[in-house]
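Below is one structure, written out as structure tokens, with a few remarks after it.
Every read-out reported here was derived from the displayed coordinates using simple, explicitly stated rules and does not represent laboratory data. Keep in mind that this is a model prediction, so the values were computed, not measured. Quick reminder, even Gly has a Cβ in these numbers, built from the backbone with ideal geometry, and neighbours come from all protein chains shown.
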Amino acid sequence: MAVARQSMREEIVEAALDRFHARGYNAAGVKDITDGAGVPKGSFYNHFASKEALAVIALERYGESRRMRDLADTSVEPLTRLRKHFEFLRDDVVGWGYKRGCMFGNFGTEITDHSETIRASVGESLRVWTDLVAGVLAEAAHAGALRTGLDPAATARLIVNAWEGTLIDARATRSPDAFASFFTVVFDTLLTPPSY
């Protein structure tokens with residue numbers, strides 16, 4: 001029985017992740033989520049105190065799917081590692097036909113003004129991601145592969161924020177042009193030391 005309950009909980013989390021990512025927080029109702037999980041609506045509250053509590057778990061699960069751990073893989077040269085990370089994220093958006101962006105950014109614009117719990121979760125997710133990017137940039141700076149004078153923490157925050165804006169542009173235009181600009185400006189201009 002415990003295994004069946006755990007399986008049902010997992011199915012609800014997976015369905016919520018899909019629905020929240022595809023439709024947003026407000027448009028993904030509890031019944032929509034339980035229908036997607038193939039479980040009775042009443043079972044939802046056996047596993048979660050609220051839709052908001054489930055959204056926090058879905059945000060965590062989404063973060064795990066973004067290959068954040070790859071950013072800490074020191075066997076790969078720092079800027080190559082960073083570029084591959086953003087290429088993976090780009091390819092994911094393109095694979096969804098430009099119809100899904102970043103759940104951190106989506107929730108950040110849709111619901112953070114209305115839920116302190118979700119605001120805190122989005123903020124923490126962005127902080128963890130930015131810190132990982134900053135770590136990569138610090139490694140690159142130590143190796144002499146980064147433009148001098150760039151603060152890794154401030155630059156990481158700029159890059160993550162630029163990425164979120166890039167996703168808005170790419171989704172609005174359903175075009176890869178915004179991604180091309182992001183990669184050119186970030187990797188070929190901002191981070192690259194000048195050659196003399």
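Observations on the model:
- Debye, to nearest 20: dipole size of the chain, +1 on Lys, Arg Cβ, -1 on Asp, Glu Cβ: 300 debye
- Gained length - A120 relative to A22, 0.36 nm times residue gap less alpha-carbon distance: 33.1 nm
- Within segment 112-177, all pairs of alpha-carbon atoms sorted by distance into 5 Å bins from zero give the percentages 4, 16, 17, 17, 17, 16, 9, 3, 1.
- Segment D35..R61, full-extension length gain: 7.4 nm, with 0.36 nm per residue of separation and the alpha-carbon distance subtracted.
- Integer Hz, Karplus 6.51/-1.76/1.60 couplings in order for segment 108-114, x for Gly and Pro: x, 8, 8, 10, 5, 6, 10
- Residue-by-residue Karplus 3J(HN,Hα) for segment 9-17, coefficients 6.51, -1.76, 1.60, Hz, glycine and proline x: 4, 5, 5, 5, 4, 5, 5, 5, 4
- Per-selection Rg to Rh, segment 35-141 - Cα, Kirkwood hydrodynamic radius: 1.05
- Computed over the chain, Kirkwood Rh from alpha-carbon pairs, angstrom: 18.1 Å
- Using θ = phi - 60° and Karplus 6.51 cos²θ - 1.76 cosθ + 1.60, couplings along segment 44-50 (whole Hz; Gly, Pro as x): 3, 6, 6, 10, 9, 5, 6
- Cβ-derived FRET efficiency at R0 45 Å, T74 paired with E10, nearest 0.05: 0.90
- Loop-located trypsin sites (Lys or Arg not before Pro) in segment 44-138 (DSSP state other than H, G, I, E, B) with a sparse environment of at most 14 neighbouring Cβ atoms within 10 Å: R67, K99.
- For segment 97-168, the dipole from Cβ point charges (+1 on Lys and Arg, -1 on Asp and Glu) about the Cα centre works out to 220 debye, to the nearest 20.
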